[in-house]
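Comments concern the structure below.
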Amino acid sequence: MIVNTELEQKGNLFPSAIKTYEKDVDTLYFTTENNVILQLTVIRDSVIRFRYSTTGKFENDFSYGITIHASRGYNFLEISENETHYIITTSKLICKVEKISLQVSLYDAVDLKLINEDEIGFHWEESYEFGGDIVKMSKICQKSESFYGLGDKPVSVNMKGKRFENWVTDSYAFGKDTDPIYKAIPFYTAIQDNKSYGIFFDNTFKTHFDFAQERRNVTSFWAQGGEMNYYFIYGPKMEDVVANYTDLTGKPHALPPLWALGFHQCKWSYYPESNVKEVTKTFRDLKIPCDAIYLDIDYMDGFRCFTWDKNHFPDPKRMVKELENDGFKTVVIIDPGIKIDLEYDVFKEALDKDYFCKRADGPYMKGKVWPGECYFPDYTKPEVREWWSGLFKELIEEIGVKGVWNDMNEPAVMEVPNKSFPDDVRHDYDGNPCSHRKAHNVYGMQMARATYHGLKKYAYPKRPFVITRAAYSGTQRYTSTWMGDNIATWEHLWIANVQAQRMAMSGFSFAGSDIGGFAEQPQGELFARWIQLGVFHAFCRVHSSGDHGDQEPWVFGDEITDIVRKFVEIRYQLLPYLYTAFWSYINNGTPILKSLVLFDQEDPHTHYRSDEFVYGDKILVCPILEANAKGRRMYIPRGIWYNFWTNEVVEGGKEMWVDADLDSMPIFIKEGAVIPKYPVQQYVDEKKFDKITLDVYYKNGKEKSQLYDDAHDGYDYKKGRYSLRTFKVTGKKEEFILQQHKQGKFDANYKEFHIIFHNLPFKITSIQIDNVEIDFSHLKNTKTKSIIINKEFTEIHLSGK
Ligand code: GLC
């Protein structure tokens, strides 16, 4: 008999011995004597789905999390049995199902080592209050096992020893360890014995995860209803686990327009129009690059979505156009609460069409948000999403707004204890009617989805840009996200760093924090340090509540303004590098930020690091997280790195002190990297340039880098009008070769590369470009070795002594 505090609670039920087994192509059904069914589906060689029913019948198989585009298919599948187990073998995994208990264990098909095994495995409790089951799973936690992921949890990157809940919640001024907050991403990755696997528990009810907190050798997860339905994803590389999870739940449907990767400025709220203009003009006057300006709720007429306050914004179309002429894209907020007002057409139409959520016994779900009493559209109904998408026609097509910011979509309700709908509210759930207990975690996701489709339609042929606060697994297909209402404190800078890393390893790379902090006002030093971190997040936006003072880059004095400019300029220079990382994310599911464990899991020193991360695949960053710092200690992952500022060579695999006064931060470039850089612009595509820079870092050995490019907006890239340049470097003691291979039909405006060779260990005696010797006498006495050449070169060969 297994003793377990969780199980000691009365009422846990367990599967008994397997009675029958059936197979349907890649799906196996194991039925026990007490009518529990395990439906096991081989999705890919490294992905197996486990689904349990306690009633002998499954619910309709429907998921908002899994994308229809998920890859399926395996190279090898064999099913066998022995006295005690059924054995399912793919080219990557061996899965054993125990006949007497239905317990599962998983092994690496190559070295036959154990990856993960059930402790009690599946068990459940009947839910007297609501009906159905509270479904539970427990697994053995290996001694050296570590856990990562789970979306936006504001805790150290490694979650071992902690317990969490997933229930999207409006969490104004949350803190370290606050749980739950805005997102519900029931996916984690684990690593033990250098093997990484992941578990995606695709259940939208309130879910719980325990990473060896209650018992040191057990990891468990459970939900307040629905099915035990999880995907086991094997690596053994963590990066492949995350890529496979991202494949299952979806990559963004399109690249963002490049401007969306620029710098964004936001505040609650910029109004009237003259204030907006003053802010945008100051950016241009002070030459701080910026691409987007946000309008928070005060642009509306009495907080009615899809309306304008005509006193403050008499002619939105003209204003948006004027901002656009100056390189600013306007992004506006849209919340789900629709003001109860029979004179308001959006409300009236939704009421007439019966699109609002209702309580179990029939009345509409009424709740207070910014406009006062509101009703809320049921975005889980396809017809409602379609209607909602249509509402964006005027805003996008007529007025010219370029992006929409969905907020309060947990949904947040004011002045009620649970900050949201009561449990009994009914939802369509795409034809699977249910209560709010099941729909809560996907409500915001479905709102963002409907918004995305509206923008996609009316922004066409340009790409849409959406941002959401609430999210469930898969939301990354439609939108970017931010972390909600943080605070202007040093602790929150730490939180912003771990959250962005955690989101990236939870399949959601297009994420960032409110730079500087939403609540309260930062000191200039904190603001500068936050900008330094923020420019390395895919979504880079300053936002504040405005209650405690301004938060534009220039309000903290000239020194801070200069530091902000310097770092925002670095972001703009690195845009081609970020765009390439984004392309790799949407193509291969590769996270844009890599926590050190994800970058080098074989080095156990990385397993507990939270501060350092790799941006893209070649730039190591570590923010300064303390006041008055002149630098910090940090861990440099294995390999050779170059200090970005000084080119000093650093050998990794150790902790070290790195100098970083307020105008600097620790940044390192991986040896062998080819880093593309644009000239500084005040906004994306402000200028047409004739050349871009490639910073090439010497390596004794080989290294590959890529550069993706396209028209920076629109969909032509999907028809082959993109260019993907692969750079291979090969370095020897007295030789260095840079080769280029180009794919795709796109031709950028620029004609040349300005190639800068860093840290060549020899004196150049000859340079050949595509086998033709060139004159390099001008380089003889220069410290920086650089050449300007036609961008279509195939090979540069440097020899020296
Ligand atoms: C919420 C949002 C915040 C926004 C405010 C007013 O608190 O999280 O970003 O500024 O509402 O719309």
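The values are calculated or read from the model by the stated rules, or taken from the named source; none is laboratory data. Just so it is clear, the model here is predicted, and its values are computed rather than measured. FYI the Cβ positions are ideal-geometry reconstructions off the backbone, even for glycines, and counts take in every protein chain you see. Accessible surface areas use protein heavy atoms only, side chains included; no ligands, DNA or RNA. Shrake-Rupley method; radii C 1.70, N 1.55, O 1.52, S 1.80 Å.
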Give the average over all directions of the projected area of the C-alpha convex hull of the stretch 688-799, one decimal, in nm². 7.3 nm²
Around residue 19, under 13 Å between beta carbons, what's the net of Lys plus Arg minus Asp minus Glu among the other residues? -1
Less than 14 Å Cβ to Cβ from residue 94, Lys/Arg counted +1 and Asp/Glu -1: what total charge do the surrounding residues give? -3
Gain on full stretching of the segment that runs from residue 310 to residue 163 - 0.36 nm per residue minus C-alpha separation: 48.0 nm
Extension gain from residue 398 to residue 751, taking 0.36 nm per residue of separation minus the Cα-Cα distance: 123.4 nm
Could you size up the charge dipole of the stretch 202-255 around its Cα centre, putting +1 on the beta carbon of Lys and Arg and -1 on that of Asp and Glu, and report it in debye to the nearest 20? 140 debye
In whole percent, the fraction of accessible protein surface over the chain that belongs to carbon or sulfur atoms, probe radius 1.4 Å, stands at 47 percent
Any residue on another chain or 5+ positions along whose placed amide H is under 5 Å from the amide H of residue 224 is listed here as 206
As a test of understanding, state the convex hull volume per residue of the stretch 1-106 from its alpha carbons, in Å³. 138 Å³
Tell me, what is the percent relative contact order of the chain, built from C-alpha pairs under 8 Å that lie six or more residues apart? 10 percent
What FRET efficiency, computed as 1/(1 + (r/R0)^6) with R0 = 51 Å and r the Cβ-Cβ distance, is obtained for residue 781 and residue 605, rounded to the nearest 0.05? 0.75
What ranking do 685-694, 249-258 get when scored by the average of other Cβ atoms within 10 Å per residue, highest first? 249-258, 685-694
Integer Hz, Karplus 6.51/-1.76/1.60 couplings in order for the stretch 353-359, x for Gly and Pro: 8, 6, 9, 8, 5, 10, 6
In percent, what relative contact order does the stretch 593-670 have, based on Cα pairs under 8 Å that are 6 or more apart in sequence? 29 percent
Rank-order 90-97, 431-438 by packing density, defined as the average count of other C-beta atoms within 10 Å over each peptide's residues, highest first. 90-97, 431-438
Using Cα pairs closer than 8 Å and at least 6 residues apart in sequence, work out the relative contact order for the stretch 688-799, in percent. 30 percent
So what is the accessible area of the chain per residue, in Å², with the probe set to 1.4 Å? 37 Å²
Debye intensity ratio I(q)/I(0), log10, the chain, q values 0.06 Å⁻¹ (C-alpha model): -0.39
Residue 650 versus residue 735, label points 7 Å from Cα toward the beta carbon: distance in nm? 3.2 nm
Low-density loop cleavage sites - chymotrypsin sites (Phe, Trp or Tyr not before Pro) in the stretch 259-366, where at most 10 other Cβ are within 10 Å (DSSP): none
Just name one of 289, 144, 433: the one whose Cα is farthest towards the positive end of the charge dipole of the chain (beta-carbon charges, Lys/Arg +1, Asp/Glu -1). 289
Separation in nanometres of the label points that stand 7 Å from Cα toward Cβ, at residue 457 and residue 711: 2.3 nm
With x for Gly and Pro, the residue-by-residue ³J(HN,Hα) of the stretch 682-691, computed from phi through the Karplus equation 6.51 cos²θ - 1.76 cosθ + 1.60 at θ = phi - 60° and given in whole Hz, is 7, 7, 4, 6, 4, 10, 9, 10, 8, 8
Let me know the charge dipole size of the chain about its Cα centre in debye, to the nearest 20, where only the beta-carbon of Lys, Arg (+1) and Asp, Glu (-1) is charged. 2020 debye
Kindly flag which residue pairs out of 670/691; 183/457; 462/718; 287/751 have an alpha-carbon separation exceeding 18 Å in this structure. 670/691; 183/457; 287/751
Would you kindly derive the ³J(HN,Hα) couplings of the stretch 117-133 from the backbone phi angles with the Karplus curve 6.51 cos²θ - 1.76 cosθ + 1.60 (θ = phi - 60°), listing them in order in whole Hz, with x for Gly and Pro? 9, 5, 8, 7, x, 6, 8, 7, 9, 6, 8, 5, 5, 10, x, x, 10
Under-5 Å amide H pairs with residue 546, H placed in peptide plane, nonlocal only: 268
Measure off 7 Å from each Cα along the Cα-to-Cβ vector at residue 353 and residue 760, then give the distance between these two points in nanometres to one decimal. 6.5 nm
When the helix-only estimate is applied to the chain (DSSP H runs of n ≥ 4, each -39,500 (n - 2.57), divided by the residue count), what is the mean residue ellipticity at 222 nm, nearest 500 deg cm²/dmol? -5500 deg cm²/dmol
Starting from the Cα-Cα distance between residue 57 and residue 72, subtract it from 0.36 nm times their residue separation and give me the gain in nm to one decimal. 2.9 nm
